[in-house]
Amino acid sequence: MKLSMASSLAWVLAGHVRGLTPPMHARNPLRSSLVERHGFVRRMVLRAEGKGGGSEGGGRKKRSRNRFAPSIILPDTAFGQRADAVNREPELQRYWESIDLYGRLSRAAESTGAERYILHDGPPYANGDLHIGHALNKLLKDFINRRQALLGKQVHYVPGWDCHGLPIELKVLQTMKSKERQGLSPLDLRQRAAAFAKEAAANQSTSFQRYGVMGNFAAPYLTLQKKFEAAQIRVFGEMFRNGHIYRGRKPVNWSPSSRTALAEAELEYPEGHISKSIYVAFNIVEASEELLPYKESLKIAVWTTTPWTIPANLAVAINPNLDYAVVDHPKTGKLLVALELISSLQTKLDLPEDEKFEVLVTLKGEGLLGTTYRHPLAGRISPVLAGGDYITTESGTGLVHTAPGHGQEDYQTGLKAGLELLSPVDDAGKFTAEAGERFQGKSVLDDGNTEVIDALAETEALLKMEDYNHKYPYDWRTKKPTIFRATSQWFASVEGFRDRALDAIDTVQWIPSQGKNRISAFVTGRGDWCISRQRSWGVPIPVFYDVETGENVLLDEHTLKHIQGIFAEHGSDAWWTMEVEQLLPEIYSAEAHKWRKGTDTMDVWFDSGSSWAGVVKTREELAYPADLYLEGSDQHRGWFQSSLLTSVAAEGQAPYKTVLTHGFVMDEKGYKMSKSLGNVVSPALIIEGGNNKKQQPAYGADVLRLWVATVDYSSDVCIGDNIIKQTFEGYRKLRNTARYLLGNLADFDPTSDVVPYEDLPSLDKYMLGRLAVTLKEVDTAFEEYQFYRATQALQRFATADLSNFYLDVAKDRLYISAADDWRRRSCQTVLAQCLEGFAKAAAAILPHLAEDIWQNIPYDTTTDSVFEGGLPNHLVDYPEHASADWDTIRSIRDDINAVLEGARRDKLVGASLDAAAYVYAPDDRVASLLHQLESDEHIIVPSVKTNGVDDLRTVLMLSQVHVVGSEAAVTNRCDDKYMLRGGESGCIVGVMPATGTKCERCWFYDTEVGKVGPHKNLCHRCADAVFQWEEKVGEKIEVVSAPSKSVEVL
C-alpha cells in the first residue's frame, strides 16, 4: 500500500496509527540533493558552533550574537525567497519532461479506469509570434487541464494550429522578390507556405511550453497534416451525401484586395468608415392603377450607400404593408416615398426652411405593384417588386434599390421574381463592360464609385449626395473594404440543417449563458455558407469540371472516397502533383480526358471547423464529442459555429458538451492594443524581461499565469506594467508564505511528529477548519471556471489567515519552544497540512511555484511531482472549529494592534512584547471566551490555566493581557490616548508598557525572569527549553552572573 504524506498525516490525525512509517518513493534527485545539503542536523551543528546555518541572506548589518541563539530554531529552507524564474522555471519544466509527467499522469489515470477529459484546442493561426491574447486563452485551458489531472481524470490535450489560408500566402510572398513571384507555381507556393506554417507552429509551441502549458506537444495537430486533410474531405463528403453541399452563382462577400470570397467570420467592421450615400430618382414608365392619376413626371426615390451598384440595378422593392405617398415640391418634382419618411426627407433633400412636401395621395405598398421605371444610366425598363420585412422606415425612402448580383436580400427578392443575376464587377473589384463603357476598368471602391455619382448627376437623377458614417465589412487580413458580388461558388446549405443545429445548441452548456443566445442568433440569421476560396494554399475542393462546358461537375461517393484515401497517404499536394487519371477512381479513369481539376480551396473555417473529425474522432486517446471548447467570445460567429455546423451536418450532433468564452485583452487604460499606440504587452517580455532588467524585470511564467487567474475573463480584461507589478507583489506574498511554511518544517517528520487531531489545541483545529473552507472555495471556483475566485481564496488564506495571523502568533512556539515540545509539533502538524493543501490548490494556476514547493519539502513524499497523487481530499473534511470564537479573538487582536501603532509612534513601546493590554468585554459571550483563554500570571511550563496555545498572551503576542470587568478598570490603568472604544470587536482595549524583566531569549516580560535554572536572564519556559537543548546537543550555554542587555535575535 502506498501512502502519500497527506495520507500518513490523515491516518495519524484520525488516531488510527501512531508512528506508522509510510513507504518512500525512489528519491527524486531534485529533492534529495536539497534535503542533503540543507539537513536539519547540519543546521543544528552549525548553530551550536555559532556559525549560523539559518536562511538569512547576506548583506545585513551584523548583529550582536545572542548566547542563546543556538537553541532558537529559526526557519531554514533551500526554497529561495526570490523565484529566479528565468532559470528555475525551465529547470522544473525539464524535470517534468524527464519524468514524462504528462504521459505519466494519463497512464496512471487510465490504469484506474478514470474517465477521460477532453478539452479540444481551437487552433491559433500559425503566423508570427504569440500575443497576450494567446496567453490568456492557452493559460485558461491549462488551468482546467491541470485541475482535471489533479482530480484523477485522463487528461488528453492535443494542441493544434491552423495552417492554411491567405495570411500565410502573403507572408511567403513578402519574403520573395518580384521575379521569384512571377515564376511561382501553385505547388511551389504550397511547399513554401507549409514550411512557413510548420516553423511558425514550432516557435509558438516553444512559447506555449515556456508558459507552463501541459499537453501532447510532441504530437500536435496541424490542419496541413495528411490525416487531418483526409478527415476534412470525409466531412465534406458526408455533407455532400446528405445534400448540404452545392455549387451556385449568388452574391457573396468578396475581397478585391485578396481576390477571393470570404466567410462572415473573415470580416470585421472597423469604426469610422465613411461611404458616399446618394438619393436617386427613377422616372416611372408605367404606373399601377392606383398611381395612374399621378403618373406624369412621377419619379421613384431610392437611397443607397453603395452608388457603384446602381449600374446593376434591376428592380425597386417595396414593403406591401407599408404606407406610401406621392409628394410634390418645386425643387424635386413629384416623388414616390414612404409616408413615415416624408419629414426626414424634407430635411435630407434640403427643402427651403418652413417649406414642406405637398402630399398628393397616400396608398398601401401593394398598390404600387405593376409599376415600372427606366434605369437612368442603362435605359432598361425594370419593375417595382414586393420585397420583405427588411424594407422599413428606419432610414432611406422606403423603396429599395435592388441589384440581385450585389446583395443578399436583393438576391432573394430577384430570385422570387426571376430576375437575372447581373454583377458587372471582376475579381479585382473593377467594373466590366457590362456596366457600360464609361465605367469599365474603374474600381468600384474608388474612381468607379465617383464616376457613377457623376453620371447620375449629369442625367439629373441625383437628388442628394452626402457622407455616411456606418459599419462596413472589411477583409480581416488585408484590412481593406469588401464588396458583395455574385460569383460561382461552392456552398453549404445551412437551411437544410438549421433546425437541427438549433436543437444541438440546446444540448450544450454555454458559459456564460448569454453565449447560447449569441450563437443561436448567428445560426438563425445565417445564409448559406460559401466554403470555396480562390487561393492555392488550402485543402482543395475535390471536384472535377467538364473540359468542354466548364459547368458540369463530377463529384460523387466514388470520387470522394478515392480522394480521401489519396490525401491520407500523400496529403492534399497530390491534387497538384497527380494527373486527373490518378485522382479519379478506377471506374472513371477511362474518362479522364473529359475532366479537369477544380482550382478552388476550402474556407479555412471549414478546415478548423472539421477539427472534431480530424482530431477528436481520429485519435484513439480522445473522445467525441469533446468535453469543452474554450475560445474568445468572437468565436460564436467563428470556430464554435463552423464546428457546430459541420458536426451537425455530418454527424447530427454538436461536437462539444460545454463551450466557455473569454473576452479580449486591453491595455491598462482599457484601450485596444495597437503597435501604433505603443501599448502592446508581450507575454515573452513579461516572462523573460527586457534588455534592461531593472526597467523590464523577468517576472516568469507564473506571474503571467497569476495575472490570468486574477482577472474576470468573462468580459474584456486589462494588462500593463502597473498591473503586472501588482500581480508580482501578490505572487511574492504567496511565495514568501510558502517559504515560511517550508522553513519551519525543516525538522518535522510526519511519521513520528504529527499530533492527532483530537489532541490539537483549539487554535490549530480552527486553522485546519479555515484550510478546509479555503480548499472548498477553490474547488467550487474551479468547478464554475471562476479562477479569480480560486485565486482570491488562496491569497486571502495565505495573507490574512496565515501570514497576518496564524504564522505571526506561531513564531513564539516555533522558534522558542524545545524542538519536540508538544506546542511546536502541534503547530508543525498544521503547517504541513497547510503547505500540502496550498501547493495542491495552487498547482493548476501556479505549477512552477507548486512544484518548487514540492521539491523542497524537507521530508520524503510518495510522489515525485505535486501533480501526482491527486488532490488532498481529506483536508476538506476538517470541520470548522470554534470559528465565531476565533474570529472574535482576531478582531480583538486587530483592535489592540491599532492602539499599539499609536503607542509605537509615541515611543511608549517598541515591539508588541514590550506591551501589556487591558481588555473589557461588555458582551457576556466574549467575556466568557476571554476568561477561558486567560493566561497564567507568569510564563511557566507547563501552563496551568491554558494549554499554552489557546492563550491570550500567545495569541495576542503581548507580555501581559489583563481581562477586566469594567471600562473603568481599563481607564484606571491606561492613558486614554492609548485606548480604543467602539472597535470591530466591541471591546474596550488599552495598552501600557509591560511590567517585569525582559527574557533575553523570547523577549517576553515577566516578573519571574531569572528565578528558575542557572540562567538569570531567562523566563521559566526558556530555561526549560535551553535545558532540553543542552541535553540533546550535549553542550552547555555559558552562564553569566547577571542579566545581560537584551539583544535582538528574531
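Across region 435-470, what is the number of residues that are more than 21 Å from Lys299 (Cβ to Cβ), more than 49 Å from the chain's Cα centre (by Cα) and touching a residue at least 60 places away in the same chain (Cβ under 8 Å)?
Of the residues in region 435-470, 3 are more than 21 Å from Lys299 (Cβ to Cβ), more than 49 Å from the chain's Cα centre (by Cα) and touching a residue at least 60 places away in the same chain (Cβ under 8 Å).
Scanning for something within 30 Å of Glu569 (Cα to Cα) and assigned to a loop (DSSP other than H, G, I, E, B), does region 231-238 turn up at least one residue?
no
Could you tell me which residue of region 145-173 is nearest to the chain's Cα centre (by Cα), considering only residues that are among the basic types (Lys, Arg) and open to solvent by 10 Å² or more (accessible area, probe 1.4 Å)? Lay out the reasoning, then the answer.
Quick first cut of region 145-173, residues among the basic types (Lys, Arg) only: 146-147, 153, 171.
Next cut, open to solvent by 10 Å² or more (accessible area, probe 1.4 Å) only: 147, 153, 171.
Numbers: Arg147: 15, Lys153: 22, Lys171: 28 Å.
It comes out as Arg147.
With the requirement that a residue be in contact (Cβ under 8 Å) with a residue 12 or more places away in the chain, in a loop (DSSP other than H, G, I, E, B) and open to solvent by 30 Å² or more (accessible area, probe 1.4 Å), what does region 982-999 give you? Reasoning before the result, please.
Here is the first cut: in region 982-999, the ones in contact (Cβ under 8 Å) with a residue 12 or more places away in the chain are 983-999.
Next, only the ones that are in a loop (DSSP other than H, G, I, E, B) stay: 983-987, 994-996, 999.
Once the filter is applied, which keeps residues that are in contact (Cβ under 8 Å) with a residue 12 or more places away in the chain, in a loop (DSSP other than H, G, I, E, B) and open to solvent by 30 Å² or more (accessible area, probe 1.4 Å), region 982-999 yields Glu984, Gly986, Thr995, Gly996.
When the residues of region 628-659 are filtered to those that are surrounded by fewer than 20 Cβ atoms within 10 Å (Cβ to Cβ) and acidic (Asp, Glu), which remaining residue is farthest from Asn137 (Cα to Cα)?
For region 628-659, the residue satisfying everything is Glu651.
Of the numbered conditions (1) touching a helix residue (DSSP H, G or I) at 6+ places or on another chain (Cβ under 9 Å); (2) in a loop (DSSP other than H, G, I, E, B); (3) loosely packed, with under 15 Cβ neighbours inside 10 Å, Val361 satisfies every one except a single condition; which is it?
All conditions are met except number (2).
For residues that are over 13 Å from Ser803 (Cβ atoms) and over 20 Å from the mean Cα position of the chain (by Cα), tally how many sit in region 730-742.
Applying the first criterion (over 13 Å from Ser803 (Cβ atoms)) to region 730-742 yields 731, 742.
Then keep just the ones that are over 20 Å from the mean Cα position of the chain (by Cα); that gives 742.
Here the count works out to 1.
Of all residues being of a type in the set (Gly, Ala, Ser) and modelled with pLDDT under 95 in region 797-841, which is surrounded by the fewest Cβ atoms within 10 Å (Cβ to Cβ)? Just the residue, please.
Step one: filter region 797-841 for residues of a type in the set (Gly, Ala, Ser), giving 798, 800, 803, 810, 817-819, 826, 832, 837, 839, 841.
Now restrict to residues that are modelled with pLDDT under 95: 817-819.
On the way: Ser817: 25, Ala818: 21, Ala819: 17.
Filtering first and then ranking leaves Ala819.
Specify the residue that is surrounded by the fewest Cβ atoms within 10 Å (Cβ to Cβ); the eligible residues are those in region 753-796 that are in a helix (DSSP H, G or I) and acidic (Asp, Glu). Outline the logic, then answer.
Applying the first criterion (in a helix (DSSP H, G or I)) to region 753-796 yields 757-759, 762-783, 787-796.
Add one more test, that the residue is acidic (Asp, Glu), and what stays is 758-759, 764, 777, 779, 783.
Values: Glu758: 9, Asp759: 15, Asp764: 24, Glu777: 18, Asp779: 18, Glu783: 11.
Here the residue is Glu758.
Could you tell me whether any residue of region 258-272 is at negative phi, at pLDDT 95 or above, hydroxyl-bearing (Ser, Thr, Tyr) and not in a helix (DSSP H, G or I)? Steps first, please.
Filtering region 258-272 down to residues at negative phi leaves 258, 260-271.
Still in the running and at pLDDT 95 or above: none.
No, there is no match, as no residue in region 258-272 is at negative phi, at pLDDT 95 or above, hydroxyl-bearing (Ser, Thr, Tyr) and not in a helix (DSSP H, G or I).
Among the residues of region 681-710, count how many are part of a loop (DSSP other than H, G, I, E, B) and under 23 Å from Lys141 (Cα atoms). Full working, then the answer.
To start, the set of residues in region 681-710 that are part of a loop (DSSP other than H, G, I, E, B) comprises 681-682, 689-700.
Going one step further and asking which of them are under 23 Å from Lys141 (Cα atoms), we end up with 681-682, 699-700.
Total satisfying the criteria: 4.
Condition first: part of a helix (DSSP H, G or I), farther than 30 Å from Gly405 by Cβ and open to solvent by less than 30 Å² (accessible area, probe 1.4 Å). Can you find one or more residues in region 221-229 that meet it? Reasoning before the result, please.
Keep residues of region 221-229 that are part of a helix (DSSP H, G or I), which gives 226-229.
With farther than 30 Å from Gly405 by Cβ added as a condition, the list becomes 226-229.
The next check asks that each one be open to solvent by less than 30 Å² (accessible area, probe 1.4 Å); those that pass are 228-229.
Yes: region 221-229 contains one or more residues that are part of a helix (DSSP H, G or I), farther than 30 Å from Gly405 by Cβ and open to solvent by less than 30 Å² (accessible area, probe 1.4 Å).
Just for region 279-328: of the residues that are closer than 26 Å to Asp426 by Cβ and part of a loop (DSSP other than H, G, I, E, B), which one is least open to solvent (accessible area, probe 1.4 Å)?
Among those that are closer than 26 Å to Asp426 by Cβ and part of a loop (DSSP other than H, G, I, E, B), it is Asn313.
I need every pair where a residue in region 305-325 that is assigned by the TED database to the domain that holds Ala455 has its Cβ under 6 Å from the Cβ of a residue that is among the basic types (Lys, Arg) and open to solvent by 30 Å² or more (accessible area, probe 1.4 Å), sequence separation at least 6 or different chains.
Pro307/Lys276
If you scan region 585-612, which residues turn out to be assigned to a helix (DSSP H, G or I), open to solvent by 20 Å² or more (accessible area, probe 1.4 Å) and closer than 22 Å to Trp490 by Cα?
Scanning region 585-612 gives Lys594, Trp605.
How about region 494-533: which of its residues are of a type in the set (S, T, N, Q), surrounded by 16 or more Cβ atoms within 10 Å (Cβ to Cβ) and in contact with a strand residue (DSSP E or B) (Cβ under 7 Å, 6 or more places away or on another chain)?
Restricting attention to region 494-533, the residues satisfying the condition of being of a type in the set (S, T, N, Q) are 507, 509, 513-514, 517, 520, 524, 532.
Going one step further and asking which of them are surrounded by 16 or more Cβ atoms within 10 Å (Cβ to Cβ), we end up with 520, 532.
Hit for region 494-533 is Ser532, nothing else.
Being in contact (Cβ under 8 Å) with a residue 40 or more places away in the chain and open to solvent by 50 Å² or more (accessible area, probe 1.4 Å): is that true of Gln204 here?
Values: in contact (Cβ under 8 Å) with a residue 40 or more places away in the chain: yes; open to solvent by 50 Å² or more (accessible area, probe 1.4 Å): no.
In short, no.
For region 924-938, does any single residue satisfy the condition of being in contact with a His (Cβ under 9 Å, 6 or more places away or on another chain) and either over 18 Å from Arg823 (Cβ atoms) or in contact (Cβ under 8 Å) with a residue 60 or more places away in the chain (or both)?
Yes, some residue in region 924-938 is in contact with a His (Cβ under 9 Å, 6 or more places away or on another chain) and either over 18 Å from Arg823 (Cβ atoms) or in contact (Cβ under 8 Å) with a residue 60 or more places away in the chain (or both).
Does Arg890 satisfy being under 37 Å from the mean Cα position of the chain (by Cα) and among the basic types (Lys, Arg)? I'd like the intermediate steps shown before the answer.
Working: under 37 Å from the mean Cα position of the chain (by Cα): yes; among the basic types (Lys, Arg): yes.
Judged against the criteria, Arg890 is a match.
Determine if region 405-421 includes at least one residue that is in contact with a Leu (Cβ under 8 Å, 6 or more places away or on another chain), part of a loop (DSSP other than H, G, I, E, B) and not aliphatic (A, V, I, L, M).
yes
I need a count of the residues in region 175-185 that are modelled with pLDDT of 85 or more and open to solvent by 60 Å² or more (accessible area, probe 1.4 Å).
Quick first cut of region 175-185, residues modelled with pLDDT of 85 or more only: 175-176, 184-185.
From the residues that got through so far, the ones that are open to solvent by 60 Å² or more (accessible area, probe 1.4 Å) too are 175.
Within region 175-185, residues that are modelled with pLDDT of 85 or more and open to solvent by 60 Å² or more (accessible area, probe 1.4 Å) number 1.
For region 471-502, enumerate the residues that are under 30 Å from the mean Cα position of the chain (by Cα), in a loop (DSSP other than H, G, I, E, B) and hydrophobic (A, V, I, L, M, F, W, C).
The one that is under 30 Å from the mean Cα position of the chain (by Cα), in a loop (DSSP other than H, G, I, E, B) and hydrophobic (A, V, I, L, M, F, W, C): Trp476.
If you scan region 336-371, which residues turn out to be without any contact (Cβ under 8 Å) to a residue 60 or more places away in the chain and closer than 12 Å to Tyr294 by Cα?
Val359, Thr362
The values are calculated or read from the model by the stated rules, or taken from the named source; none is laboratory data. Everything numeric in this text was worked out from a predicted model, so none of it was measured. Don't worry about glycine lacking a Cβ; one is built from the backbone with ideal geometry, like all the others, and counts go over all protein chains shown. Keep in mind that these areas ignore ligands, DNA and RNA; they rest on the heavy atoms of the full protein, side chains included. Shrake-Rupley method; radii C 1.70, N 1.55, O 1.52, S 1.80 Å.
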